[in-house]
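A short worksheet on the structure shown next.
Only the coordinates and a few stated rules stand behind these numbers; no lab work does. Being a predicted model, the structure only gives us computed values, none of them experimental. Please note: Cβ atoms are built from the backbone with ideal geometry, for glycine as well, and neighbour counts cover all protein chains shown.
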Ligand code: AKB
């Protein structure tokens, strides 16, 4: 049987760091090509690659016989607002490039993450459904929404097997997040251990959908493993993990670090957060490929603090 040769673009980022480890374990180190813009990275088969360099990407795919691409390079919501042209270029152009190569070189599968940022004020705040109105208020959200439609277009017109998940805020203890609105939910753990205090840039009752990274990695692997005929959504699947506000995560941390305190110094990210749903309905993902989250706020907090204190 032909071995999969997998290219991960954005391998040094928050998702990429852990996905690369998981894919190396499953497929063997020799078959995973981890790429990022930095000159040097970890592990074998590391490639320095600019996600916007179409020719270089084409060459890498041909040279290494790549048959699957995981495109993770992106500019997140908060950073994206600081340079909207760069955010649009990176988030959309890199996807267009990968989809074109997937079509021309007949790749077997592509994975690309979307986000809850595609939703805006006119979507339901609670249990926001798969097909809710998506009127994003950030360039990041707009780029993810456009990207979702391009995924669907390449599937419908050219049969490209591209699969996608609308991630909520992701929390992990390995690589830091890269400039999103939900970054506070990672930083709070680091500061709790270091200073027993955190100044939060969101209001303390601002509830958002979140997910622990082990669940996010498992969701990607399960989606990519699902039989093609089960995939009924070719834009991007809603998936839920847990939902909480800064006051909830502070209370969960306090159970382990009794002296922990939090205050708030709200900034521009509050307006972004307020435009997003507080919780997500992921019934379609459950029905199509059996999605079920494993972690809640309490189990994640225990695991985060244990790992960060190690
Ligand atoms: C962000 O905050 O921008 C991201 C996201 C929700 O996609 N974590």
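Pairing the Cα long axis of helix 213-225 with the longest principal axis of the chain, what angle in degrees results, from 0 to 90 and rounded to the nearest 10?
In the chain, helix 213-225 runs at an angle near 30 degrees to the longest axis.
Evaluate the relative contact order of segment 5-126 (contact order divided by residue number), counting alpha-carbon pairs under 8 angstrom at least 6 apart; express in whole percent.
The normalised contact order for segment 5-126 reaches 24 percent.
Using just the alpha carbons, could you tell me how many Å³ per residue the convex hull of segment 147-201 encloses?
Here the figure is 94 Å³ per residue.
For segment 1-88, take N as its residue count and report Rg(C-alpha) divided by 2.2 N^0.38 Å.
1.12
Roughly how tilted is helix 54-63, in degrees to the nearest 10 and between 0 and 90, from the longest Cα axis of the chain?
Taking Cα atoms only, the helix is inclined about 70 degrees.
How would you classify segment 267-310 from its alpha-carbon gyration tensor, with a ≥ b ≥ c the square roots of the eigenvalues: rounded for a/c under 1.5, else prolate if a/b is greater than b/c, otherwise oblate?
oblate
For the chain, what does the relative contact order come out to in percent, with C-alpha contacts under 8 Å and a separation of six or more?
So the answer I get is 18 percent.
In cubic angstrom, how much convex hull volume per residue do the alpha carbon atoms of segment 2-47 span? Present the calculation step by step, with values, prior to reporting the outcome.
On the way: hull volume 2.7 nm³, N = 46.
Hull volume over Cα atoms, normalised by residue count, gives 59 Å³.
Among 295-308, 74-87, what's the highest-first ranking by average C-beta atoms within 10 angstrom per residue?
So the order, starting with the most tightly packed, is 74-87, 295-308.
Once you order the gyration tensor axes a ≥ b ≥ c over the Cα atoms, which shape class does segment 104-248 get: rounded for a/c under 1.5, otherwise prolate or oblate by comparing a/b with b/c? Walk me through the numbers before you get to the answer.
On the way: a/c = 2.35, a/b = 1.72, b/c = 1.37.
It comes out prolate by the Cα gyration axes.
Using only Cα atoms and rounding to the nearest 10 degrees, what angle (0 to 90) does helix 94-104 make with the longest principal axis of the chain?
Helix 94-104 sits roughly 30 degrees off the main axis of the chain.
Calculate for the chain the 222 nm mean residue ellipticity that helices alone would give, adding -39,500 (n - 2.57) per DSSP H run of length 4 or more and normalising by residue count, nearest 500 deg cm²/dmol.
-12500 deg cm²/dmol
Given the peptides 256-262, 208-214, arrange them by the average over their residues of other C-beta atoms within 10 Å, most packed first. Intermediate values should be presented prior to the final figure.
On the way: 256-262: 14.3, 208-214: 23.3.
Descending packing order for the listed peptides: 208-214, 256-262.
How high is the relative contact order of segment 176-263? Use alpha-carbon pairs under 8 Å, at least six apart in sequence, and give a whole percent.
Worked out over segment 176-263, it gives 43 percent.
If you consider only alpha-carbon coordinates, what radius of gyration and Dmax does segment 57-125 have, in Å?
For segment 57-125, the Cα radius of gyration and maximum Cα-Cα distance read 14.7, 47 Å.
How many times 2.2 N^0.38 Å is the alpha carbon radius of gyration of the chain?
0.97
Would you mind computing Rg(Cα) / (2.2 N^0.38 Å) for segment 128-170, counting N as its residues? Please list the in-between numbers first.
Numbers: Rg = 11.6 Å, N = 43, 2.2 N^0.38 = 9.2 Å.
My calculation over the Cα atoms of segment 128-170 gives 1.26.
On each of the three principal axes of the Cα atoms of segment 95-181, give max minus min coordinate, whole Å, ordered largest first.
The principal-axis extents, from largest down, are 39, 34, 21 Å.
With both partners inside the chain, how many of the DSSP beta bridges are antiparallel, as a percent to the nearest 5? Kindly include the intermediate steps, with their values, before the conclusion.
On the way: 3 of 33 bridges.
Given both bridge residues lie in the chain, the antiparallel proportion sits at roughly 10 percent.
Kirkwood Rh over alpha-carbon pairs of segment 195-310, then Stokes-Einstein at 25 °C and 0.890 mPa s: what D in µm² s⁻¹, rounded to an integer?
Translational diffusion coefficient: 153 µm²/s.
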